[in-house]
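Step one of this worksheet: look at the structure below.
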Amino acid sequence: MPQIATATTTTASTARASIFRSALGSDFDRLHPELQRRFGFSSRDGIACIGTGRMDRVWHGSRLVKQALRLGSGCNILFPESGRDVAFTIANYAYRDGYGRETVTFVRTFQFTRPRRFDATMIASERPNTVIDYLGTHQHLAVDLELQVTPAGGLVITSGDQRVSALPGSPRCPGVLTGRARVHEWFDEEAERFRIEVRVTNPVVGAVMGYQGSFTTEYVDVADRAGVPTYVRPVREQWRS
C-alpha cells in the first residue's frame, strides 16, 4: 500500500512515485494515456501540468448555500458565484512539502468579474485507491478522496471522511456539515480536450455547487519557470493525525 511520506520515513520508491499511480496500482494503466500523463508525474520529473479552458456552467444551490460558500471564499475553499462560459485554469505542480511528503497542487481559478480560486494540495494515503486532499490556503480541511477508473479510461473521484486539520487532533467533521464531492474527468479524443464534471452535495441541504466544462493542457518545465511558484503552495501546511 502507498504510504504517507514524512521527512523521516520517506523511501526512495515513494519519493519517485506519482501519488495517483501509487494509489491506483495496476488500475492506473487502465486510464486513458492522456490521463496517465496528466496524473502520472511526481516531483522528480521537474514538470507541471497547466490546464486552460472554459466551464460551460458553474452553479450553486439555494441562497442559504450561497451564503455558506461566501464564508469559504476568503481562504480559497469554494465561492458563491455562478455563471456560464467561465474562463478556467488549473495548475498542477508536484513538489515535496515541509514534511517531506510528495505533494501535487490543484489550484483552480475561475474568471468571474472577481477571479475566484479553489485551492487544494494532495498527498498519498495509507489506504488503497485513496489520496488525501488538503483544502484551502492553510490546509484547513483534510479529505479522503477515493479513486476509481471507469471502463472508458476516465477517472472518478469521490470524497469520504473529512477532518478539520487546522484543529488539534484533526477532529472528524459531522456528516451533516460536510460536502460530498463527485468528480469525473475524462479525455475527449474527438475534441482533443479534457472534460470534467464536478458536483458537491450535502445530506441536509442537497445540492451545494458544481461545474462542468473542458480544458486543454500544457506541460511546462518547472526549472524554466524558476521552480514551483509560491502562489500555488499553501500558506501553512498541516499534519493530519
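Derivation of every value follows stated rules applied to the coordinates shown; laboratory data play no part. Values in this document were obtained by computation on a predicted structure and should not be read as measured data. Backbone-built Cβ (ideal geometry, glycine too); neighbour counts: all protein chains shown.
A few points about this structure:
- Every Cα-Cα pair in the stretch 12-232 was counted, and those over 30 Å apart are 19% of them.
- Percent of C-alpha pairs per 5 Å bin, the stretch 40-82, short to long: 5, 17, 17, 13, 14, 12, 11, 7, 3, 0
- GluC sites (Glu not before Pro) within the stretch 73-176, DSSP loop, no more than 15 other Cβ atoms inside 10 Å: E126
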